[in-house]
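In what follows, a structure is listed as structure tokens, so that the remarks can point back to it.
The values are calculated or read from the model by the stated rules, or taken from the named source; none is laboratory data. The structure presented is a predicted model; accordingly, all values stated were derived computationally and were not measured. Cβ coordinates were reconstructed from backbone atoms using ideal geometry, including for glycine residues, and neighbour counts include every protein chain displayed. Quick note on the areas: whole protein, heavy atoms, side chains included, nothing else; ligands and nucleic acids left out. Shrake-Rupley method; radii C 1.70, N 1.55, O 1.52, S 1.80 Å.
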Amino acid sequence: YPIYDGKSYIPTKANDQNWQPNFGSAHILAAAEESATLYFEANPTMEYMAIAVQDSHRASEDAVSQAALAEAKKQFPTDGEGTQVDRAQSQLYWKFMSSLGQWMAVKLPGKKLLGLAYSVTRFPPTEKLPPNVIAFAVLHIGDMESNGILKTGEFAYTPVDPWLKVSSLFGNHDWTQGWGYLIPRTYTGYYSQFLHRFLRDFRFDFAF
């Protein structure tokens, strides 16, 4: 659990979003290894497990997390404090996911680990992820025309490119339900373009 005001913050309700796992803690990897072991023992036919994050942008105030934040502020001084916090969280999260993926490759061969590049973990790691770690972005396909997902041209650089450099497996998560919208977000034409671009131009295996 994260450290807030010098104390461990332990949520008391299932819907408490006021926290994040403390990915800088030395204990979290052992807890994740235990969870992975129990999960695949209970679900032996499942190919992967996922570890994601809360919607909260709060970050632990422990020494490791603060050191990562200080480094983010040094590297990205103009990003603003909120984004710098997210960069630090991303660094710790993907380092943790890499360590867990390496452990799974030995202890749970053939199983995969899904990481969600979302909210505080949306920034790619600086080092390549293990081949059994799937990086799932959260790109809104319905915004394809405005967010540059499928830019083309000699100098085009899409939001996907950084993830393809660090991950052997890539996926995308999007909401298709109609809650909060007048119509369901099932943009079949855009999804077709998206998938064809991966198969044709990115030449990349795509998890959906």
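General remarks:
- Of residues in the range 1-17 being open to solvent by 50 Å² or more (accessible area, probe 1.4 Å) and within 28 Å of K111 (Cβ to Cβ), the one modelled with the highest pLDDT: Y1
- The range 99-133, residues that are out of contact with any helix residue (DSSP H, G or I) (no Cβ under 8 Å at 6 or more places or on another chain) and part of a helix (DSSP H, G or I): G101, Q102, A105, V106
- Leading residue by the ranking (most open to solvent (accessible area, probe 1.4 Å)) among those in the range 18-56 that are under 19 Å from R122 (Cβ atoms), out of contact with any Asp or Glu (no Cβ under 7 Å at 6 or more places or on another chain) and of a type outside the set (A, V, I, L, M): D55
- Complete set of residues in the range 57-77 that are open to solvent by 20 Å² or more (accessible area, probe 1.4 Å), more than 19 Å from P124 (Cβ to Cβ) and either assigned to a loop (DSSP other than H, G, I, E, B) or touching a Ser or Thr at 6+ places or on another chain (Cβ under 9 Å) (or both): R58, E61, D62, V64, Q66, P77
- The number of residues in the range 43-90 that are among the small types (G, A, S) and either under 13 Å from K111 (Cβ atoms) or within 16 Å of the chain's Cα centre (by Cα) (or both) comes to 6.
- The range 159-185, subset polar (S, T, N, Q), modelled with pLDDT of 75 or more and assigned to a loop (DSSP other than H, G, I, E, B), residue surrounded by the most Cβ atoms within 10 Å (Cβ to Cβ): S167
- Residues of the range 99-109 classified as more than 27 Å from D55 (Cβ to Cβ), free of Cβ contacts under 8 Å to residues at least 60 places away in the same chain and not hydrophobic (A, V, I, L, M, F, W, C), total: 2
- Filter pass, F198 being within 23 Å of G115 (Cα to Cα), at pLDDT below 80 and either open to solvent by less than 30 Å² (accessible area, probe 1.4 Å) or in contact with a helix residue (DSSP H, G or I) (Cβ under 7 Å, 6 or more places away or on another chain) (or both): yes
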